[in-house]
Amino acid sequence: MTATSARRVLLAAPRGYCAGVDRAVIAVEKALEQYGAPIYVRKEIVHNKYVVQTLEKKGAIFVDETEEVPEGSIVIFSAHGVAPVVHEEAATRKLATIDATCPLVTKVHKEAVRFAKEDYDILLIGHEGHEEVIGTSGEAPEHITLVDGPDDVKNVEVRDESKVVWLSQTTLSVDETMETVDALKERFPQLISPPSDDICYATQNRQTAIKQVAAESDLVIVVGSKNSSNSVRLVEVALGAGAKAGHLVDYASEIDEAWLEGVTTVGVTSGASVPDVLVEGVLEWLAERGFGDVEVVQPMQESLTFSLPKELRRDLRAEAAAASGSPEAAAVAGRPEGSQR
């Protein structure tokens, strides 16, 4: 490799936790504090191995299906959202629910419901099997057709070409999504776009930042889990923007020193479900190998925050009021109510 002084790290910002992930993780932590362990979580609260393992140690129990939650227990729905049938299943099992669905995902759900009521065919751009796609599709299954990328457009059939709208999974590559939309518009010239962009602000911001970093990087390291759609997309975007190599890792220990051969500039970023402690581990690993010069590349700022799920807010308020001596508030504090829509 070249002289140590020439080695550098370009650290993308924004990176890591978005507002929806932060809200969901804090919801599990607050629920454990408020109601005590165990707290059940349907699916991974967010797609990050470290986060899930950390919450498990605190008393969270992650399950794949609602039927795995003991009757009468508390269950939290993940940030990716669930279909209406899941709320129905929870009500049948008399589960107390906390809905940690990201508000930006909820927005897409509401769009699906509205367009279905107006009898549109809804073309949902997303990846088959992803939890967010399953949840959104469940809002109007008879109206929604999944379009898994530009190559899938040729397979799409609609009832009325004058009543077609597209929606999308929130964690996709912006460029690939628009490529799919362009292909859909060629087939269906009257295709309607959603009222606002479905791809979330954090996904777009992280992709914009890594494009800028990748253009100057020999190697890009994205910290994130393999089942994290937005993390996987960051590697793809980095390679498309000029990075000579790109890799996805959960931890610094997964980095192969051979990747550094001939490298002078390493770009680093992380997916929207990744705590910054994991990025710090990667920076320390790189510094030990001569890449101690870190330059932050920040093309934009983020300031958006979301309030906690309403079930938690109510009980936390009641607890605070009870602590101040209000007997009425003390009477309602204790656990969230049953499943509601």
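The values are calculated or read from the model by the stated rules, or taken from the named source; none is laboratory data. Quick caveat, the model's predicted, so the values are computed rather than measured. Here the Cβ is made from the backbone with ideal geometry for all residues, glycine too, and neighbour counts use every protein chain on show. Heads up: the accessible areas ignore ligands, DNA and RNA and are worked out on the full protein's heavy atoms, side chains in. Shrake-Rupley method; radii C 1.70, N 1.55, O 1.52, S 1.80 Å.
So what is the calculated 222 nm ellipticity per residue for the chain, using -39500 (n - 2.57) for each DSSP H run with n of 4 or more, over all residues, to the nearest 500 deg cm²/dmol? Provide the component values of the computation, followed by the final result.
Details: 11 runs with 130 residues, N = 341.
That calculation yields -12000 deg cm²/dmol at 222 nm.
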The chain: relative contact order in percent, alpha carbon pairs under 8 Å with at least 6 residues between: 26 percent
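To check you understand DSSP bridge types, tell me what percent of the beta bridges within the chain (both residues inside) are antiparallel, rounded to 5.
Values: 1 of 39 bridges.
Around 5 percent antiparallel, to the nearest 5.
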In whole Å, what is the distance between the alpha-carbon centres of the stretch 112-191 and the stretch 39-98? 27 Å
Let a ≥ b ≥ c be the square roots of the eigenvalues of the Cα gyration tensor of the stretch 74-230; is it rounded (a/c under 1.5), or, if not, prolate (a/b larger than b/c) or oblate? oblate
Over the stretch 50-103, calculate the relative contact order: mean separation of alpha carbon pairs under 8 Å at least 6 apart, over the residue count, as a percent. 38 percent
J(HN,Hα) series, the stretch 39-45, from Karplus relation 6.51 cos²θ - 1.76 cosθ + 1.60, nearest Hz, glycine and proline x: 10, 8, 10, 7, 6, 5, 4
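Given an 8 Å cut-off on Cα distances and at least 6 residues of separation, report the relative contact order of the stretch 123-269 as a percent. Can you show the working numbers first?
Numbers: 229 pairs, mean separation 29.4, N = 147.
In percent, rounded to a whole number, it is 20.
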Using a simple spin-label model with points 7 Å from Cα along the Cα→Cβ vector, what separation in nm is obtained for Lys154 and Leu239? 2.3 nm
Given axes a ≥ b ≥ c from the Cα gyration tensor, I'd like to know whether the stretch 1-70 is rounded (a/c under 1.5), prolate (a/b larger than b/c) or oblate. prolate
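Evaluate the stretch 69-133: find the radius of gyration of its Cα atoms, find its Kirkwood radius, and give the ratio Rg to Rh. List each step's numbers first, then the result.
Numbers: Rg = 13.6 Å, Rh = 13.2 Å.
We get a ratio of 1.03 for the stretch 69-133.
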For Glu161 and Gln212, calculate 0.36 nm times their separation in residues minus their Cα-Cα distance, and state this gained length in nm to one decimal. 14.5 nm
Net length gained if the chain between Glu142 and Ile192 were fully extended (0.36 nm per residue, minus Cα distance): 16.1 nm
Taking the Cα atoms of the stretch 115-169, what is the range of coordinates along each of the three principal axes, in descending order and whole Å? 28, 25, 14
As straight-line cross-link partners of Lys117, the qualifying lysines (C-alpha separation under 18 Å, not fewer than 8 residues apart within one chain) are Lys107, Lys163
Expressed in angstrom, Rg and Dmax over the Cα atoms of the stretch 182-341 are 22.3, 69
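Could you do me a favour and compute the accessible area per residue for the chain, 1.4 Å probe, result in Å²? Please report the intermediate quantities before stating the final value.
On the way: 14890 Å² over 341 residues.
Value returned for the chain: 44 Å² of accessible area per residue.
Note down, for the chain, the three equivalent ellipsoid semi-axes (square root of 5 times each alpha carbon gyration tensor eigenvalue), biggest first, whole angstrom.
36, 30, 16
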Given all pairs of distinct Cα atoms, the stretch 145-265 yields a Kirkwood Rh in Å of 16.1 Å
Given 186-196, 116-126, the highest-first ranking by average Cβ count within 10 Å works out to 116-126, 186-196
Which of the peptides 286-297, 101-112, 42-53 is most tightly packed, and how do the rest follow, judged by the mean count of other Cβ atoms within 10 Å per residue? 42-53, 101-112, 286-297
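What are the DSSP H helices in the chain that stretch 15 Å or more along their long axis, judged by alpha-carbon atoms, and whose average Kyte-Doolittle hydropathy comes to at least 1.0? Walk me through the numbers on the way to the answer.
Numbers: long enough: 19-35 (23 Å, 0.24); 103-117 (21 Å, -0.16); 174-187 (20 Å, -0.81); 201-214 (19 Å, -0.79); 229-240 (16 Å, 0.71); 276-287 (16 Å, 1.17); 310-323 (20 Å, -0.81).
Helices meeting the criterion: 276-287.
Quick check: at a probe of 1.4 Å, how many percent of the accessible area of the chain sits on carbon and sulfur atoms? The partial results should precede the final answer.
Numbers: 7330 of 14890 Å².
That share works out to 49 percent.
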When the chain is modelled as a GNM with alpha-carbon springs shorter than 10 Å, which of Arg317, Arg114, Arg23 fluctuates the most? Arg317
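Could you tell me whether the stretch 1-128 comes out rounded, prolate or oblate from its Cα gyration tensor? Rule is a ≥ b ≥ c as square roots of the eigenvalues, rounded for a/c under 1.5, then prolate if a/b exceeds b/c, otherwise oblate.
Numbers: a/c = 2.80, a/b = 1.33, b/c = 2.11.
The shape class here is oblate.
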Quick check: the distance between the Cα centres of the stretch 277-297 and the stretch 10-28, to the nearest angstrom? 19 Å
